[in-house]
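Derivation of every value follows stated rules applied to the coordinates shown; laboratory data play no part. For clarity, every value in this text was computed on a predicted model and none was experimentally measured. Cβ placement follows ideal geometry from the backbone for every residue including glycine, while neighbour counts extend to all protein chains displayed.
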Amino acid sequence: VPRNREGVVLSQRKYVLDLLQDTGMLAAKPANLPMNSRIHLHDDQTELVDSRSYRSLIGKLLYVTVTRPDLSFAVGKLSQFMEKPRKVHWDAALMVVKYLKSSPGKGLLFTKGKTLEVEAYSDVDYAGSVEDRKSTTGFCVF
């Protein structure tokens, strides 16, 4: 665990680099954002992809969110399509991987010398999904 004058940084640099290698994204151009806001992810009629590979990738991305909470929304959204993943979902998951390439060592900084105060936030929409009327819940704890 790297330490500096500010405190301790928890990151998963090696895990992210291994993920880039496993997905063949080491030579890919890094993405500026984890998800394209113009792409509407839903269960469309495009080509199905291998669900086992998709689930494996989403599971790895979920693990990365432990130290990269900036990925939580994108990975959470992609995890909604585990049963029948389509090419559009696979491509969106690879965009998250490309976003990781832009900062593989980014993580959580725990500053020293400060008292620990826990803050928690949550939000929910009731039946907000137009397609299936499902609710969405989100939370973060600092």
Given the Cα atoms of segment 20-119, and with Rh set as the inverse mean 1/r over their pairs in the Kirkwood sense, what is Rg to Rh to two decimals? 1.04
Find how many whole Å separate the alpha carbon centroid of segment 114-128 from the alpha carbon centroid of segment 72-100. 24
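Find, among the trypsin sites (Lys or Arg not before Pro) in segment 6-87, those assigned to loop by DSSP (not H, G, I, E, B) with at most 11 other beta-carbon atoms within 10 angstrom.
Loop-located and lightly packed - R38.
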Could you tell me the relative contact order of segment 7-106? Use alpha-carbon pairs under 8 Å, at least six residues apart, and round to a whole percent. 50
All other residues with a Cβ under 14 Å from the Cβ of K134 taken together, and with Lys, Arg as +1 and Asp, Glu as -1, what is their net charge? -3
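Can you tell me how much longer the chain between T111 and Y126 gets when fully stretched, taken as 0.36 nm per residue apart minus their C-alpha distance, in nm with one decimal?
Working: separation 15, 0.36 × 15 = 5.40 nm, distance 3.70 nm.
1.7 nm is the gain from fully extending T111 to Y126.
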Within segment 72-129, DSSP-loop chymotrypsin sites (Phe, Trp or Tyr not before Pro) with at most 15 other C-beta atoms within 10 Å are Y126
Who wins for biggest fluctuation among V75, V130, V49 in a Gaussian network model of the chain, springs between alpha carbons below 10 Å? V130
GNM, the chain, Cα, under 10 Å: largest mean-square fluctuation among D125, D43, D91? D125
Given a 10 angstrom Cα cut-off, can you work out which residue in L33, L78, L48 is the most mobile in a GNM of the chain? L48
